[in-house]
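Contents: one structure, followed by commentary.
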Amino acid sequence: MRYLTAGESHGKQLTTIIEGIPSHLPLLNDQINESLLRRQGGYGRGRRMQIEKDLVEITAGVRHGYTLGSPISLVINNDDFKHWRNIMGENPIPDDEEVRRTISRPRPGHADLNGGMKYGHRDLRNVLERSSARETAARVAAGAVAKVLLNELGIKVGAYVREIAGIVSSFDESMTLEERVDIAEASPVRTLDKKAEKEMMDAIDQAKKEGDSIGGVVEVYVEGMPPGVGSYVQYDRKLDSRIAGSVVSINAFKGVEFGIGFEAARRNGSKVHDEIAWEESRGYYRKTNRLGGFEGGMTTGMPLVIKGVMKPIPTLYKPLQSVDIDTKEPFAASIERSDSCAVPAAGVVMEHVVAFELARAMMEQFPGDYFPRMKQAVDAYREEVRRF
Ligand SMILES: Cc1cc2nc3c(=O)[nH]c(=O)nc-3n(C[C@H](O)[C@H](O)[C@H](O)COP(=O)(O)O)c2cc1C
């Protein structure tokens, strides 16, 4: 199971093609749209999110509400494209100075300069249009399909904000995923702690006032993964490593932690590892879940707890120094519009990116052509390992 995305930030549309989803999985536009809408929300987002409402069109691979087993193609149109047709059109353009105006000023913290050097683009728009986090909408669409598959298999994935600008939320760790998601979705910053919520919103307001930006930590929580998904036998089959790679591939994500994460470096082993127990109804379980649901590159059957850290958005109203690639003169990089904090939205992106990796691992492990057969195999496996 794999997917590719295509599309520029101000181009005609974003396209996602997913291959490997089994046939006979019920799938509706609305299930994907719900995810896209969630990505666009969150306190601290800029104007573009208010202008545009992402809606998906399924253009292949689904018929009468069910997947066909063929590649699924998803398209998100850019309603604003009419204003960008001259700048972003695919055909050669006349020698009109206005349209030909190039971007020669790379923004610190973005792909602009490295990407320009690599692909020989002296108009840095050719880089920034694709490196923009707009592409994460296409990734959320792919993840939304993955979430539908997981959901049908009894695997639920959710996300919330742990931390913004050093303000750390605390909450009752015994809460179920459903409880966490209900609270998060009602919070403007998608956090589970009312007191921290207010402080986070104040911090976002303050950053905006100062023309600055702030980052944070988001957490993805997963219930229902059977044990033994992933593998220890080869480096590229370890599920935690695949998840880490996919999380860091999200724009502005700089690190991942599983369970207690880096805190493990500061504790003795007896305070890190989770003791094993067994009960007739539950099968094997861990008495604690400090390792966040992974041992040996495989799931343990405990909830997955995965944190991702997002750096502050690099486009700032408060200018940073850079160098014009045409004149080689220094300049202060200022901008027309930007979010001051996209951490709540980034949590939605991470949730979907993780969901895709989990679905991919399930598809590798269980027969994946015909969904009812897959479900039967997953149910049988759950029963087998409970009594192992
Ligand atoms: C949901 C989301 C929204 C983002 N919005 C912006 C934005 O408005 N302005 C900006 O400069 N960067 C934004 N970013 C981050 C940049 O896309 C990212 O920092 C840049 O592409 C460079 O990649 P890197 O930080 O992974 O090295 C956003 C990231 C995410 C995940």
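Here are some notes:
- Any hit, segment 255-263, residues being closer than 20 Å to Phe388 by Cα and either more than 16 Å from the ligand (Cβ to nearest atom) or not hydrophobic (A, V, I, L, M, F, W, C) (or both): no
- Restricting the search to strands (runs of 3 or more DSSP E) fully inside segment 284-374 and requiring at least 1 residues that are in contact with a helix residue (DSSP H, G or I) (Cβ under 6 Å, 6 or more places away or on another chain), of a type outside the set (A, V, I, L, M, F, W, C) and at negative phi gives 304-310.
- Single residue of Leu124, Leu25, Leu128, Leu36 found to be farther than 30 Å from Cys341 by Cβ, modelled with pLDDT of 90 or more and surrounded by 14 or more Cβ atoms within 10 Å (Cβ to Cβ): Leu25
- Selection status of Leu150, more than 30 Å from Gly301 (Cβ to Cβ) and either in a helix (DSSP H, G or I) or more than 10 Å from the ligand (Cβ to nearest atom) (or both): no
- Counting only residues that are at pLDDT below 90 and near the ligand (Cβ under 10 Å from one of its atoms), segment 301-330 holds 2 of them.
- Single condition Val348 does not satisfy, out of (1) in contact with a strand residue (DSSP E or B) (Cβ under 6 Å, 6 or more places away or on another chain); (2) buried (at least 20 other Cβ atoms within 10 Å of the Cβ): (1)
- Within the option set Ala361, Ala333, being away from the ligand (no atom under 15 Å from the Cβ) and either modelled with pLDDT under 95 or of a type outside the set (Lys, Arg) (or both) holds for one residue only, Ala361.
- In segment 104-142, the residues that are of a type in the set (Gly, Ala, Ser) and within 13 Å of the ligand (Cβ to nearest atom): Gly109, Ala111, Gly115, Ser131, Ser132, Ala133, Ala137, Ala138
- Considering residues of segment 50-90 that are at pLDDT below 95 and over 17 Å from Gly7 (Cβ atoms) only, the residue farthest from the ligand (Cβ to nearest atom): Asn86
- Selection count, segment 72-88, where residues are exposed (fewer than 14 other Cβ atoms within 10 Å of the Cβ) and out of contact with any helix residue (DSSP H, G or I) (no Cβ under 9 Å at 6 or more places or on another chain): 3
The values are calculated or read from the model by the stated rules, or taken from the named source; none is laboratory data. A quick note: this is a predicted structure, and the numbers were derived from the prediction, not measured. Here the Cβ is made from the backbone with ideal geometry for all residues, glycine too, and neighbour counts use every protein chain on show.
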